Amino acid sequence: MATGALQDARRLCDQDQVFTLQGREWHQLAGVVGSEYNTSTGLFADWLPYAGAASMLEMGCGCGVAAVTGALAGCREVVAVDINPHAVASTKLNAERHGVGDRVECVESDLFANLGPDARFDLVFWNSPFIDGDTERADGDYFADHFFDPGYRLHERFLTELPQRLTEGGRAFLGFSSAMGDADEVAAIAKRNGMEMRPFRSESFSVPQHEMGTAEVFQRAADERGEIVIDLSLVELVR
């Protein structure tokens with residue numbers, strides 16, 4: 001399923017476009033996964049607890065939906081980070097489009113690498129690439145990073161540095177899917193770094209097994225009705 005979604009993303013997101021989400025229009029530059037693939041980010045952006053957060057970091061910002069939503073919700077200082085330069089440019093356009101360009105700093109960075117050593121945040125969010133797998137990648141192709149994290153190496157790096165990037169009362173959240181990702185493995189990585197992964201909010205939907213494919217893994221996942229339940233889950237990382 002993820003491989004098929006990746007192929008569709010490469011085909012559908014190869015040119016500049018504008019899409020609608022949360023009742024707002026968003027820029028999506030070519031080379032950025034967006035449009036219908038931002039449905040999960042839209043949900044998570046609605047669910048995040050912005051109250052009381054003066055500073056926010058959106059990791060892997062894509063089109064910057066959560067970063068802009070956080071700024072509109074009252075976060076005075078928002079940093080949006082992505083390794084994809086087209087995503088950083090898209091987020092900057094969207095921050096300006098929605099009147100919060102002065103509060104959203106857009107940074108091209110491999111996770112925390114290009115942030116100042118003393119940067120700390122009240123709220124951190126990452127709609128992470130939660131599928132432990134990989135696919136063929138070409139130079140300059142950032143699409144696979146939206147879906148796949150082979151061996152959860154990115155999660156390992158993120159969770160190793162995360163505790164020191166939070167303010168004393170700061171909160172951190174991952175966008176995840178237990179149906180498509182290995183929540184136990186990520187929870188184990190979090191535990192090694194002094195954090196516990198807890199459910200915060202989730203929404204599930206069913207997909208007919210025949211639409212997913214004929215592989216045995218899909219057959220095992222299907223219920224008695226031949227449906228596979230997929231979840232979109234916002235989980236909190238608690239120190």
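The table below gives the values:
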item	result
Residue tally, condition of a type in the set (A, V, I, L, M) and exposed (fewer than 14 other Cβ atoms within 10 Å of the Cβ), over segment 124-143	1
Enumeration of residues in segment 21-56 that are within 19 Å of R201 (Cα to Cα), in a loop (DSSP other than H, G, I, E, B) and in contact with a helix residue (DSSP H, G or I) (Cβ under 6 Å, 6 or more places away or on another chain)	Q22, Y50
Residue selected from segment 165-184 under the condition within 22 Å of L43 (Cβ to Cβ) and among the hydroxyl-bearing types (S, T, Y), by the criterion least open to solvent (accessible area, probe 1.4 Å)	S177
Residue check for A95: open to solvent by less than 30 Å² (accessible area, probe 1.4 Å), closer than 23 Å to A53 by Cα and either part of a loop (DSSP other than H, G, I, E, B) or aliphatic (A, V, I, L, M) (or both)	yes
Tally, over segment 75-92, of residues that are open to solvent by less than 40 Å² (accessible area, probe 1.4 Å) and either part of a loop (DSSP other than H, G, I, E, B) or under 22 Å from E161 (Cβ atoms) (or both)	10
Which numbered condition H146 fails, given (1) part of a loop (DSSP other than H, G, I, E, B); (2) under 24 Å from S202 (Cβ atoms); (3) open to solvent by 20 Å² or more (accessible area, probe 1.4 Å)	(1)
Residue in segment 201-219 that is modelled with pLDDT of 80 or more, of a type outside the set (G, A, S) and buried (at least 16 other Cβ atoms within 10 Å of the Cβ) present	yes
Hey, T41 closer than 21 Å to Q28 by Cβ, hydroxyl-bearing (S, T, Y) and modelled with pLDDT under 95 or not	yes
Among residues of segment 186-199, those that are in contact with a helix residue (DSSP H, G or I) (Cβ under 7 Å, 6 or more places away or on another chain) and open to solvent by 80 Å² or more (accessible area, probe 1.4 Å), counted	1
Filtered residues of segment 156-184 (kept if touching a helix residue (DSSP H, G or I) at 6+ places or on another chain (Cβ under 6 Å) and within 20 Å of I230 (Cβ to Cβ))	G175
Sole residue being outside any helix (DSSP H, G or I) and open to solvent by less than 30 Å² (accessible area, probe 1.4 Å), chosen from L162, L115	L115
Filter result for E58 (within 17 Å of K92 (Cα to Cα), surrounded by fewer than 21 Cβ atoms within 10 Å (Cβ to Cβ), touching a strand residue (DSSP E or B) at 6+ places or on another chain (Cβ under 7 Å) and of a type outside the set (A, V, I, L, M, F, W, C))	no
Number of positions in segment 151-167 that are of a type in the set (D, E) and in contact with a Leu (Cβ under 8 Å, 6 or more places away or on another chain)	1
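The values are calculated or read from the model by the stated rules, or taken from the named source; none is laboratory data. All values derive from a computational prediction rather than experimental measurement. Positions of Cβ are backbone-derived with ideal geometry, glycine not excepted, and every protein chain shown enters the neighbour counts. Surface areas here come from the heavy atoms of the whole protein model, side chains and all, with no ligands, DNA or RNA. Shrake-Rupley method; radii C 1.70, N 1.55, O 1.52, S 1.80 Å.
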